[in-house]
Amino acid sequence: EREATVLGSLDELDYAIDRARRRVKANRDELAGLEDQIQASRELYQQLVDSVDANEAYAAKRLAALYKLNRNGTIPVLASSGSIYEMIKRKKYLERILANDEQVRQNLLEEKLRLKEILDQLDAQQAQKKRRRILKYHIQ
């Protein structure tokens, strides 16, 4: 009878150890998954930073060109055309350039919003990773 009690206790201990090992393995797997997600977020963040930097440089050049155009006025640009047809073409080109500039500005704003989202996501992933590490040490 005492032998049966000892064997039962050993079985319970073996079962508890097995459960703890499974929890540790699941926690390690989850940590590895979080590491992958964090790395992917970091890479996406860097791509967005590079894109924002390039778009900001382009936007600054376009803003300088727009300032010069507004300072000199569009009338001299259009009036220097040799014909009405040429003036209409130039007006159409200016409208396309301004529309493109607006699209670049809009893209820059969207990229900056996406950049903030990625930073928020990265912060959340880091916090989750920290919680998992704490939980890992409590399990062990």
Next on the checklist: Test of understanding: in a Gaussian network model of the chain with alpha carbons linked when under 10 Å, which of ALA64, ALA40, ALA16 would top the mean-square fluctuation ranking?
Outcome noted: ALA16
Item to check | Bins of 10 Å, starting at 0 and running to the largest distance - Cα pair percent for the chain | outcome: 10, 21, 16, 14, 12, 9, 7, 5, 3, 2, 1, 0
Checklist entry - For the chain, what is the accessible area per residue in Å² when the probe is 1.4 Å? => result 77
Checklist entry - So how exposed is TYR45, as accessible area in Å² (1.4 Å probe, rounded to 10)? => result 70
Item to check | Most mobile of ARG19, ARG105, ARG42 in a GNM of the chain (Cα contacts under 10 Å) | outcome: ARG19
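How much of the accessible area of the stretch 32-72, probe 1.4 Å, is carbon plus sulfur, in whole percent?
Numbers: 1510 of 2820 Å².
Roughly 53 percent, rounded to a whole number.
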Item to check | Highest-MSF residue in the chain out of ILE75, ILE38, ILE97 [GNM, Cα springs under 10 Å] | outcome: ILE75
Item to check | Nearest 10 degrees, 0 to 90: helix 84-139 Cα axis against the chain principal axis | outcome: 10
Item to check | Phi to ³J(HN,Hα) by Karplus 6.51 cos²θ - 1.76 cosθ + 1.60 over the stretch 57-68, Hz, x for Gly, Pro | outcome: 5, 5, 5, 5, 5, 5, 5, 5, 5, 5, 4, 4
Item to check | Karplus-derived HN-Hα couplings along the stretch 35-40 (A = 6.51, B = -1.76, C = 1.60, θ = phi - 60°), whole Hz, x at Gly and Pro | outcome: 4, 4, 5, 5, 4, 4
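The values are calculated or read from the model by the stated rules, or taken from the named source; none is laboratory data. Note that the structure is predicted; figures quoted are calculated from it, not measured. What goes into the accessible areas is simple: the full protein's heavy atoms, side chains included, and nothing from ligands, DNA or RNA. Shrake-Rupley method; radii C 1.70, N 1.55, O 1.52, S 1.80 Å.
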